[in-house]
Amino acid sequence: MRRFLDVDLETKINGILLGFISLIILSLSAFYLYHSSTEYVDNAERITLQSSKTISFLPGISSKNNLIDTESIGVHMNQYVYDNDIDFIVIQDTTGKYVYHPDVSKIDEHGPINHAMRARIFGAYYVEESTFDERDAFIAYAPIYSGTDVREIVGMVQVGYYKSKIYSEIYETLVQLLLIIIVFILVSVFISRWFANYIKSETLGYEPKEITTILRNRENIFSALNEGIISTNIDGKIEYSNKAAKKFLNISRMETDRTIQSYLHDRAIDEIKNKTLKTDVQYFETSYGEKEFIVIVNRLFEKAELKGFVFIFRDMTEKVELTNKLQIVESLFDDLRAQSHEYKNKLHLISGLLEMKKYQHIRDVLTVEMQGIDNYHRNLLDIDEDKIKALILAKMNSASEKRVVLTVQEGSHMFRVKSQRFLNALLTIISNLLDNAIDEVASLPVKEVIFYIGYYDDWLEIMVQDSGNRVIDTEKIFEKGYSTKSEGINRGYGLYNVKTSVDVINGFIDVLSTDEKTIFTVEIPIYRKSESN
């Protein structure tokens, strides 16, 4: 059995299709032949019984005296046999004498009536399988009644239909079926060969064993990768995901109808839905759960027609956390450098005042310095998240070095954040908004920046206000690479990163700009005050 199955794909398909089609054709033919045979028998019984009844009621027969005119009856019966597709008629009186018989020599002779006794005695109409003239036949029996007021049985009619005639009709039907079967089998051979060639072309000429080996090797290779790989059709339905992708996105084997849209934010979905683009590769940032990813989207084309996508997920969570930590450390170093420079200047000032014995001026300098420190700590007191507080302090000192007044608005407050993804997004948003505001006002006469963070209903609100110039296009400033500053490199990424981080945590950003000030407001849904916890 194994040897018979060890053949190429084309032979298997030809054998299976040909066998299956042949089985169907033979089954249908056998059913049709059986049904036709039954129908032929039923028709023979119906015709003979109906004919026997008709003959028994003919005016020239249904009278005792009429049974004497055998010559007239013979003429009518011969004509009836000719017109009504029956094989023979026999008429006998109650004594068994033949009134009509296919063999003329037997007319007026007596014959057996044992098969007709039910019709003779009970007046029954019925059909039996019997023999006539040594040939099997279906014979119908009917009584002949005479009289009007008082009816009596005066004879019996026998009408027969030879079985050999039925067999001949069945044989003709069988020959026709065989011809049809041969034609269908020839057509099925052609169809099976065409289908086998089509399947082989779809499998690129590979045999099933070769395809199995390729798929197994592919699965092993993809499972060994640390990057998540997901392939989808043009509508985004997931068709394949490797082990890393299942782990990153918590995809269960039971989830067979999920789409990639379930794991990407709205902005990424809008980019993917733009199917008119011919770009082979796209990059964007997204997040799922507590993880952040760089997603590489490859478009799959077949004959210049877009067929689907391949998504490569690179886990950037640790890198983002490390980047934020380095940014905070860098800000703290800048803060320390700025503070040391600032205090060095103040020490020189105090030293000069001491030499001049201006003690009251020294008190004034120290009082102003202490008030500034108190204001810093008082406005940051209700911000419980240490990383956010450290970032704001670093930006304050950076602003102070540029002679920019960065004020934390009274009433600012924030709870601790346990979600690392949420915290990373907040650090990116606050850092870039403050840097953008400080850079904007650093070269202007009025150098003021106001920062606020707090809760409003079920939203976390972040506000950065600066005294900078009016922003003309409040939509274009969030595009990658766009910058209102011509000098320097790597410009045009700060506000783009802000917008990306806001989208990651499903927030909103609004810009209000006038000739006197520009306000960036970020609103992030919390749903419950404890979520940031």
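Readers should treat all values here as calculations from the given coordinates under stated rules, not as data from a laboratory. Remember, predicted model here, so these are calculated numbers, not experimental data. All Cβ positions, glycine included, derive from the backbone under ideal geometry; neighbour counts span all protein chains shown.
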Problem - Set of aspartates and glutamates near Lys346 by C-alpha distance (under 17 Å), chain-local residues within fewer than 8 positions excluded - result: Asp335, Glu355, Asp364, Glu369, Glu401
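Per 0.36 nm of contour for each residue apart, how much would the distance between Ser164 and Val187 grow if the chain were fully extended, relative to their Cα-Cα spacing?
On the way: separation 23, 0.36 × 23 = 8.28 nm, distance 3.47 nm.
Here the segment from Ser164 to Val187 would lengthen by 4.8 nm.
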Handout entry: Contour excess over end-to-end distance, with Cα ends at Val75 and Arg403 and 0.36 nm allotted per residue
Key = 104.3 nm
Exercise for the section: Report the normalised scattering of the chain as log10 I(q)/I(0) at q = 0.05, 0.12 Å⁻¹, calculated by the Debye formula with identical scatterers on the alpha carbons. Expected result: -0.53, -1.13
Practice task
Give Lys247/Lys499; Lys53/Lys165; Lys237/Lys476; Lys319/Lys389; Lys344/Lys517; Lys106/Lys163 a once-over and call out the pairs whose C-alpha atoms are over 30 Å from each other.
Solution key: Lys237/Lys476; Lys344/Lys517
Practice task
Please give the contour-minus-distance gain from Arg218 to Arg314: 0.36 nm per residue of separation, less the Cα-Cα distance, rounded to one decimal in nm.
Solution key: 32.6 nm
Completion exercise
Those trypsin sites (Lys or Arg not before Pro) from the range 429-477 that are DSSP loop and have at most 15 other Cβ neighbours within 10 Å turn out to be Arg470
Handout entry: Charge tally in the Cβ shell below 14 Å around Tyr125, where Lys, Arg are +1 and Asp, Glu are -1, Tyr125 excluded
Key = +2
Practice task
Could you state the angle between the C-alpha long axis of helix 494-504 and the longest principal axis of the C-alpha atoms of the chain, as a value from 0 to 90 degrees rounded to the nearest 10?
Solution key: 40 degrees
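In percent, what relative contact order does the range 358-456 have, based on Cα pairs under 8 Å that are 6 or more apart in sequence? Write out the running numbers ahead of the final one.
On the way: 87 pairs, mean separation 32.3, N = 99.
33 percent.
Cα gyration tensor of the range 42-175, axes a ≥ b ≥ c as square roots of the eigenvalues: rounded (a/c below 1.5), prolate (a/b > b/c) or oblate?
In terms of gyration-tensor shape, prolate.
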Exercise for the section: Can you figure out the FRET efficiency of Ile211 with Lys387, using R₀ = 51 Å and their beta-carbon distance, to the nearest 0.05? Expected result: 0.45
Fill in the blank from the handout: As straight-line cross-link partners of Lys387, the qualifying aspartates and glutamates (C-alpha separation under 14 Å, not fewer than 8 residues apart within one chain) are Glu321, Glu330
Completion exercise
The simple spin-label model distance between Asn197 and Thr474, using points 7 Å out along Cα→Cβ, in nm, is 6.7 nm
Exercise for the section: Please order Asp87, Asp315, Asp149, Asp108 by the number of other Cβ within 10 Å, starting at the fewest. Expected result: Asp149, Asp108, Asp315, Asp87
Handout entry: the range 66-224, dipole about Cα centre (Lys/Arg Cβ +1, Asp/Glu Cβ -1), debye to the nearest 20
Key = 1120 debye
Practice task
Take the alpha-carbon centre of the range 223-248, take the same for the range 152-201, and report the distance between them in whole Å.
Solution key: 56 Å
Completion exercise
Placing +1 on each Lys and Arg Cβ and -1 on each Asp and Glu Cβ in the chain, then taking the dipole about the Cα centre, the residue among His76, Thr518, Gly123 whose Cα reaches farthest towards the positive end is Thr518
